[in-house]
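A short write-up of the structure that comes next.
Where a number appears in this text, it was derived from the coordinates with a stated rule and is not lab data. As the structure is a computational prediction, the values presented were derived from the model and not from experiment. As a convention, Cβ positions derive from the backbone with ideal geometry for all residues, glycine included, and neighbour counts pool all protein chains shown.
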2 protein chains.
Amino acid sequence: MIPNQTFRPPASTARDRVLEAGVKLIRAQGYSATSVDELCREAGVTKGGFFHHFASKEALGVALANYWSRSTGAFFAAAPFHHHADPVERVLGYIDLRIALLVGPAESFSCVAGTMVQEQFRSSAAIRAACEASILGNAAALEADLAAAIAQTGATGVTAGGLSRHVQAVIQGAFVLAKANGGDDQAATAREHLQHLQRYFELLFHQEPRENPS
Amino acid sequence: MIPNQTFRPPASTARDRVLEAGVKLIRAQGYSATSVDELCREAGVTKGGFFHHFASKEALGVALANYWSRSTGAFFAAAPFHHHADPVERVLGYIDLRIALLVGPAESFSCVAGTMVQEQFRSSAAIRAACEASILGNAAALEADLAAAIAQTGATGVTAGGLSRHVQAVIQGAFVLAKANGGDDQAATAREHLQHLQRYFELLFHQEPRENPS
DNA sequence: GCAAGCATACCGACTGGTTGGTATGTTCCG
DNA sequence: CGGAACATACCAACCAGTCGGTATGCTTGC
């Protein structure tokens, strides 16, 4: 969801190093395939240190989803697209930002919560709930702007809540297709889908299309 | 992607029973979390039997993605939406069908290829490629109808290939959000997103919106 | 017609390594 | 001194994969 390290402070404490290792390894390999030993090695922490901070691997998963929520939430809250006066421009500006973040290999921009929930939604209720909160938290951050855009343009048949969740769904789907892409530009694959989302909003809010890719 | 068993013949040979077990277990738990022993137990096959048919767990993953491609490909090829004279109606009919398939818990309608590729895209190039082929195969099946719809309506700024991939991206994203949903109707969550996709196409192809959910 | 020869399908005990997790320290800071 | 933050050593369960073996059926030569 967020490029490596550009907005997260370098991890100093052992606990934060484990969480950063979790982001890196789980993005690339998934939750189940990432062992506690591997997390310890990557974080430069011993087994004892790991289980001092996290009661279990599952607890690490929950903590990681929460860590991810806080990091991404803070990043988007501080982003400049909020300054547009027009709510439609704020919504499109959010998607512009999401597109701009799509660079490099899939493991550098994909979503930790989306990856974890896909594997763990049945096996761990706690991880599922934490990932749901992360994804819906991202959605909620756009809901007020969408409500204002709907009110202003008179778009019918949609709700702000439904649209805000749909933005996250398209983003998650874009990540899946980017990961499936074996070519050399997984980010371009992901961008393609966010541009379709943008066009959907332009049509819905009666805006002139702004550019023409894919 | 496809409801359980409604179109797949009951597995008779040991090999097919293993593949069916793979569909069931990997949909619910993911690839890494599903052990060979578990697959054997579910399929009623011994370890020896498993490795007689599949050289490795990875080979099972590849075979499973191919099996999935063939099953879903045959199902959609035989579906009645192809009979519409209007290409736009064919496209919307495909989405209608996908919506109609969204019933029950997420593990009964989600996509094996999408689940596997999310975990394995870096760990196994063979599985990644097989999953990509499965997803892009589904996309390709709609491409001619989309090309005709674009030609007929004069929709600009989109390509049939790009739109066909986008359909699959939205479907995959809908599955992720459905899995994240802890409520009692994961299928309704998924449907919501396909209805937004439908509205996108209606706007793009200048159709009257047909109904109003979410 | 039938048996020798061989391939396919399947079995289940076994192996070496890995897993998540624990028990018992040690170190260091207030 | 006491407790938080680690480190070391270890464990039982589980992992993917191996191996020697059997049952069955098909094919081919006589």
Run the label-point distances for residue B:77 please: 7 Å along Cα to Cβ, every other copy, nanometres, shortest first. 5.3
Contact order normalised by length for the stretch B:1-124, with contacts defined as Cα pairs under 8 Å and 6 or more residues apart; what percent is it? 43
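Other chains' Cβ within 10 Å of A:108-120 residues: what's the mean?
Counting Cβ atoms of other protein chains within 10 Å of each residue's Cβ and averaging gives 4.
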Extension gain, residue B:66 back to residue B:82 (0.36 nm per residue minus Cα-Cα distance, nm): 3.4 nm
Roughly how big is the protein assembly as shown's charge dipole about its Cα centre, with Cβ charges of +1 (Lys, Arg) and -1 (Asp, Glu), in debye to the nearest 20? 1120
May I ask you to derive the FRET efficiency for residue B:36 and residue A:41 from their Cβ-Cβ distance with R0 = 30 Å, giving the value to the nearest 0.05? 0.70
Just want to confirm a number: the relative contact order over chain B, from Cα pairs under 8 angstrom separated by 6+ residues, in percent. 22
Defining a contact as two alpha carbons under 8 Å apart and six or more residues distant in sequence, what relative contact order in percent does the stretch A:98-205 show? 32
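Report, in deg cm²/dmol and to the nearest 500, the calculated mean residue ellipticity at 222 nm for chain B, where each DSSP H run with n ≥ 4 adds -39500 (n - 2.57) and the sum is divided by the residue count. Write down the numbers at each step before the final one.
Working: 10 runs with 148 residues, N = 214.
Using -39500 (n - 2.57) per qualifying helix, the result is -22500 deg cm²/dmol.
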In nm, give the distance between the simple-model label positions of residue A:16 and residue A:206, each being 7 Å from the Cα along the Cα-to-Cβ direction. 4.9
Residue B:51 label points, 7 Å along Cα→Cβ, one per copy: pairwise distances from this copy to the rest in nm, shortest first? 3.0
For residue A:24, go through the lysines and keep the ones whose alpha-carbon is under 21 Å away, minus same-chain ones fewer than eight residues off. A:47, A:57, A:179
Quick calc, residue A:151 & residue B:126: beta-carbon distance into FRET formula, R0 60 Å, rounding 0.05, result 0.75
Ignore the peptide's own chain and count Cβ atoms of other chains within 10 Å of each Cβ in A:25-33; give me the average, rounded. 5
Per-residue average of Cβ from other chains inside 10 Å of B:150-160: 2
Could you give, in nm with one decimal, how far residue A:38 is from each other copy of that position, shortest first, with labels 7 Å out from Cα toward Cβ? 1.6
